[in-house]
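Scroll down for the structure; my scribbles are underneath it.
The values are calculated or read from the model by the stated rules, or taken from the named source; none is laboratory data. Note that the structure is a prediction, hence the values are computed from the model and not measured. Here the Cβ is made from the backbone with ideal geometry for all residues, glycine too, and neighbour counts use every protein chain on show.
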Amino acid sequence: MSGHVEHTQASPAPRKVGRGYLLSLFVGLGGAFGLFMGLLAYLDHSENLPPPAFTNSLCVDEKLKYLREREGTDPNLLVIGSSVAWRHVDNTIVRNQSSAIEPLNGAFCGLRANQSTYVADWLIDREPSVRTVVMVVDPQDFSGCAVARTDVFSREDADQYVYEQASSWPYYLRYFEPRSLLRNAMSVKTQRGTTEHWDPLVFNAYGDGPLNPDGDRGLHYAAAEPLDERCFAALSSFARTLHLEGRSLLLVSTPLNPEWKTRYDPNGALLETFDQRLLAALHGTPARYWNADRYWKAPADAFVDAIHMRWPAAQQFSVALAQNIATVTDPTPEGAKRKVADAALVQ
């Protein structure tokens, strides 16, 4: 018998990574890190440093920065919503109407209704002194909730950054967005310095965002997207939670540009439906609803686009808003009677 011998070729031994390669790798990483931190330090020194990109939306991230740096007493009145709540309320006027009110504007730009209530829940958890919530809305806020991510930002990171005063530098690494960082760095200093910018990032002592550009930019907004039941469900759940917690809610439908209404809702069907669905969302709660678009007449030159008013008009609006806020914050027997009467409107 002859035997068959199989010859196998030994596999080459794995190559060892040279120390020089590892050293150059670590030197490169360390150099890139140093350059990035140097860039942040330079932007900070030149006042061009945007806030950490928690959401990668400059106006939202800048509002978190404001909340981190704000000074003042514990608020008992919280304004929430999207940019119309941020831009249309002058809480200096609201505060002057009643020395018992300590307001905070917790509205962020670009939020849907489900996102606004998420932010409000977070702020109320961290600001338990809040007794009254004012939510200012427009039809655009009540579309797209099915696709809009509810948790606008990480509550854990926001807690640490805003309320625990954690160093901001690690968040530039955790939320590393070099392109938006450089893009925002080119404009943020100007936006922080003037209310005449189309997207100013100026905050008063209460977190309101004055908008006062020269001229207007046309309607800017097209027809509203279809109303989304999930948006109204978020409002309903929020209203019931506030009621159970013993807090008051005033819901306000902001004034809209008459030209936009003529073009995109000529028979008023959209706004009538919007009005009725807001009321239905508040059903069974003592929340009060003020349709300011119907019952408050904006000045002829109030609007800079379809939904945003310039600051002088917003201040006039805030006078009327303060009067409505008084109906839900008045602790007198007369105020209580008004609350009972107002509650009947939404039963």
Response to the item:
Note on the stretch 241-279: residues touching a Ser or Thr at 6+ places or on another chain (Cβ under 6 Å) and either over 16 Å from Val328 (Cβ atoms) or outside any strand (DSSP E or B) (or both) are His243
Discussion item. If I ask for residues that are farther than 18 Å from Met309 by Cα and of a type in the set (Ser, Thr, Tyr), which ones from the stretch 185-235 would you list?
Written reply: Ser187, Thr190, Tyr206
Practice prompt. Identify the residue in the stretch 32-65 that is within 16 Å of Phe176 (Cβ to Cβ) and loosely packed, with under 11 Cβ neighbours inside 10 Å and, among all such residues, is modelled with the highest pLDDT.
Written response: Gly38
Practice prompt. Just need a number here: residues in the stretch 128-170 that are more than 13 Å from Gly110 (Cα to Cα), charged (D, E, K, R) and exposed (fewer than 14 other Cβ atoms within 10 Å of the Cβ).
Written response: 3
Worksheet item: Can you tell me how many residues in the stretch 34-64 are under 13 Å from Arg192 (Cβ atoms) and of a type in the set (Ser, Thr, Tyr)?
Response: 1
Discussion item. Condition first: under 21 Å from the mean Cα position of the chain (by Cα), among the polar types (S, T, N, Q) and exposed (fewer than 15 other Cβ atoms within 10 Å of the Cβ). Can you find one or more residues in the stretch 206-221 that meet it?
Written reply: no
Worksheet item: Filtering the stretch 34-78 down to residues that are in a helix (DSSP H, G or I) and among the charged types (D, E, K, R), which residue is farthest from Glu127 (Cα to Cα)?
Response: Asp44
Item to complete: Search the stretch 274-307 for residues being over 23 Å from Glu229 (Cβ atoms) and of a type in the set (Gly, Ala, Ser), and hand back the single one that is surrounded by the fewest Cβ atoms within 10 Å (Cβ to Cβ).
Response: Ala300
Discussion item. Could you check the stretch 241-263 and list, in sequence order, the residues that are over 20 Å from Leu77 (Cβ atoms) and surrounded by fewer than 18 Cβ atoms within 10 Å (Cβ to Cβ)?
Written reply: Pro258, Glu259, Lys261, Thr262, Arg263
Item to complete: Take the stretch 169-200 and flag every residue that is assigned to a loop (DSSP other than H, G, I, E, B), under 25 Å from Asp216 (Cα atoms), charged (D, E, K, R) and out of contact with any Ser or Thr (no Cβ under 9 Å at 6 or more places or on another chain).
Response: Glu196
Practice prompt. Say whether the condition of being surrounded by fewer than 17 Cβ atoms within 10 Å (Cβ to Cβ), over 12 Å from the mean Cα position of the chain (by Cα), among the basic types (Lys, Arg) and on the phi < 0 side of the Ramachandran plot is met by at least one residue in the stretch 70-88.
Written response: yes
Worksheet item: Which residues, counting only those in the stretch 171-201, are buried (at least 19 other Cβ atoms within 10 Å of the Cβ) and β-branched (Val, Ile, Thr)?
Response: Val188
Worksheet, complete the sentence: Of the listed residues (Trp311, Trp296, Trp290), the one being over 23 Å from the mean Cα position of the chain (by Cα) and either among the charged types (D, E, K, R) or modelled with pLDDT of 95 or more (or both) is Trp296
Worksheet item: Taking the stretch 99-117 on its own, how many of its residues are surrounded by fewer than 21 Cβ atoms within 10 Å (Cβ to Cβ) and among the aromatic types (Phe, Trp, Tyr)?
Response: 0
Response to the item:
The lone condition Gly72 fails out of (1) at pLDDT below 95; (2) in contact with a Pro (Cβ under 8 Å, 6 or more places away or on another chain) is (2)
Practice prompt. Could you identify the single residue in Leu211, Leu244, Leu201, Leu249 that is modelled with pLDDT of 95 or more and under 28 Å from Pro266 (Cβ atoms)?
Written response: Leu211
Item to complete: Need at least 2 residues that are in contact (Cβ under 8 Å) with a residue 40 or more places away in the chain and β-branched (Val, Ile, Thr) per element, so show me which helices (runs of 4 or more DSSP H) inside the stretch 79-133 make the cut, counting only ones lying wholly within it.
Response: 91-97, 113-126
